[in-house]
């Protein structure tokens with residue numbers, strides 16, 4: 001979004017939630033910055049500045065508003081849409097790459113020098129990668145202060161700060177409060193949870209069609225990995241420093257989250273992946289307006305506004321699901337995946353019963369206990385490569401496709417992380433034996449978050465098109481779908497529902 005003053009000021013004056021996360025409002029007379037929908041009195045024009053990021057507002061010497069909590073606003077939808085370097089960088093920063101590998105690691109992942117990356121981000125975001133990561137650390141620290149009883153030193157290092165002093169100075173600067181003061185006022189926000197459990201809310205831009213999300217995930221749930229129960233989605237997670245479990249419950253205006261992590265340093269990546277999974281940073285108003293302009297979709301959009309694109313918390317997991325799901329029904333794919341996972345889960349249980357806990361599984365460690373152990377993350381590429389032929393229960397050609405996929409991930413020839421170059425990832429996927437256009441495009445849509453993919457060869461998509469009176473052959477549907485750009489992935493989800 002361009003920082004046009006009049007447009008931004010009108011959004012602030014109307015307290016329009018749709019613009020939360022698109023920009024931030026700085027009020028020079030009070031020294032604070034807010035989200036556009038802040039319920040406070042609209043500031044005078046001469047006292048207002050607009051910023052493209054919270055980090056930019058903080059860099060201008062402003063502190064976060066305690067009333068609207070702008071650091072917890074939905075992310076800008078453009079970082080999901082855009083496939084350029086800045087968009088990729090923002091996705092990687094949200095996933096905690098700067099905290100784990102520093103700015104050099106981020107620059108290396110993107111293929112640019114640190115100086116050039118800093119210049120690009122500063123030009124568009126008003127802040128460099130370090131400042132953007134620092135703003136995220138401050139938010140992570142505030143969540144831990146308000147939702148756990150951990151000591152401040154533990155929180156400082158769990159949030160990614162290099163020292164307790166840096167932690168104290170940053171929180172005083174961002175929130176105009178000492179960490180102890182934030183904890184003293186947490187009763188007005190939410191009570192601390194039990195040890196190792198973090199409860200928080202994830203904001204989104206309304207509307208959100210929660211039932212469509214939960215229906216989609218429930219049909220594809222795998223025993224021991226994820227499940228939908230009583231309106232809540234539960235799943236196991238594999239994260240950079242360990243494992244965890246998450247429960248996601250859609251509510252009015254937010255998604256309630258309960259996280260249990262083996263290592264609290266994984267809080268920011270876990271939150272980013274949950275947001276990505278439920279597509280919470282999307283702009284449903286813009287998406288629905290484009291799709292509703294087609295009379296064939298208008299009724300579906302009016303009846304079910306805010307249908308999102310369910311994505312993934314693990315790119316490799318989605319790749320395995322896609323390969324197994326080639327040319328078979330969802331039910332058949334689930335049976336094959338369940339059989340594969342049941343064998344490996346039995347192996348885990350035997351290892352742990354013998355006192356030899358499998359590396360990467362939940363374990364007690366400083367900073368909070370692990371998850372309950374009932375749900376685990378999906379197989380890693382290394383684990384898949386170690387499986388014997390008898391475990392797969394599928395034709396040998398498909399088994400070798402899975403192994404080739406896992407080998408490419410292990411060797412670093414294929415990257416399915418959120419900040420990857422989408423076109424390059426699709427090209428490398430298509431170069432693997434046994435992976436065709438449907439699989440590569442399915443992964444581009446769900447694992448890489450491309451908003452403009454139409455799976456016109458998909459049988460369910462064609463059935464959905466026929467149900468809505470649309471062309472149901474590949475070529476004619478491809479031509480017809482040009483009117484849905486740049487949201488053809490969302491049209492695909494609606495065709496699935498129509499089927």
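The values are calculated or read from the model by the stated rules, or taken from the named source; none is laboratory data. Since the structure is predicted, the reported quantities are computational estimates derived from the model, not experimental observations. Reconstructed Cβ throughout: ideal geometry from the backbone, glycine too, with neighbour counts over all protein chains shown.
Points to keep in mind about this one:
- Qualifying positions in segment 416-431 - part of a loop (DSSP other than H, G, I, E, B) and free of Cβ contacts under 8 Å to residues at least 12 places away in the same chain: 431
- Among the residues listed as 157, 161, 167, the single one being in a helix (DSSP H, G or I) and modelled with pLDDT under 95: 157
- Complete set of residues in segment 66-88 that are over 19 Å from residue 254 (Cα atoms) and assigned to a loop (DSSP other than H, G, I, E, B): 82, 83, 84
- Looking at segment 203-312, the strands (runs of 3 or more DSSP E) lying wholly inside it that each contain 2 or more residues that are outside the structural domain of residue 38 (by TED's automatic domain parsing), within 29 Å of residue 87 (Cα to Cα) and in contact with a strand residue (DSSP E or B) (Cβ under 8 Å, 6 or more places away or on another chain) sit at 232-239, 242-251, 254-261.
- Scope segment 40-77; condition surrounded by fewer than 17 Cβ atoms within 10 Å (Cβ to Cβ) and either more than 18 Å from residue 141 (Cβ to Cβ) or out of contact with any strand residue (DSSP E or B) (no Cβ under 9 Å at 6 or more places or on another chain) (or both); matching residues: 40, 41, 42, 44, 45, 46, 47, 60, 61, 67
- Comparison of 37, 29 shows that the only residue that is part of a loop (DSSP other than H, G, I, E, B), surrounded by 16 or more Cβ atoms within 10 Å (Cβ to Cβ), outside the structural domain of residue 135 (by TED's automatic domain parsing) and touching a helix residue (DSSP H, G or I) at 6+ places or on another chain (Cβ under 9 Å) is 37.
- Residue match in segment 211-230 (condition: in contact with a helix residue (DSSP H, G or I) (Cβ under 6 Å, 6 or more places away or on another chain) and under 21 Å from residue 91 (Cα atoms)): no
- Output for segment 1-26, where each listed residue is without any contact (Cβ under 8 Å) to a residue 24 or more places away in the chain and either within 24 Å of residue 207 (Cβ to Cβ) or surrounded by 19 or more Cβ atoms within 10 Å (Cβ to Cβ) (or both): 7, 10, 14, 16, 19
- Criterion (in a helix (DSSP H, G or I) and under 27 Å from residue 89 (Cβ atoms)) met by exactly one of 406, 440: 440
- Some residue of segment 255-264 being more than 15 Å from residue 198 (Cα to Cα) and surrounded by fewer than 21 Cβ atoms within 10 Å (Cβ to Cβ): no
- Scanning segment 297-332 for residues that are in contact (Cβ under 8 Å) with a residue 24 or more places away in the chain and out of contact with any helix residue (DSSP H, G or I) (no Cβ under 9 Å at 6 or more places or on another chain) yields one hit, 317.
- Remark: residue 85 falls outside the filter, which requires a residue to be within 28 Å of residue 179 (Cα to Cα) and either in contact (Cβ under 8 Å) with a residue 60 or more places away in the chain or in contact with a helix residue (DSSP H, G or I) (Cβ under 8 Å, 6 or more places away or on another chain) (or both).
- Residue satisfying condition, being surrounded by 20 or more Cβ atoms within 10 Å (Cβ to Cβ), touching a helix residue (DSSP H, G or I) at 6+ places or on another chain (Cβ under 6 Å), in a loop (DSSP other than H, G, I, E, B) and not assigned by TED's automatic domain parsing to the domain that holds residue 62, within set 141, 127, 135: 127
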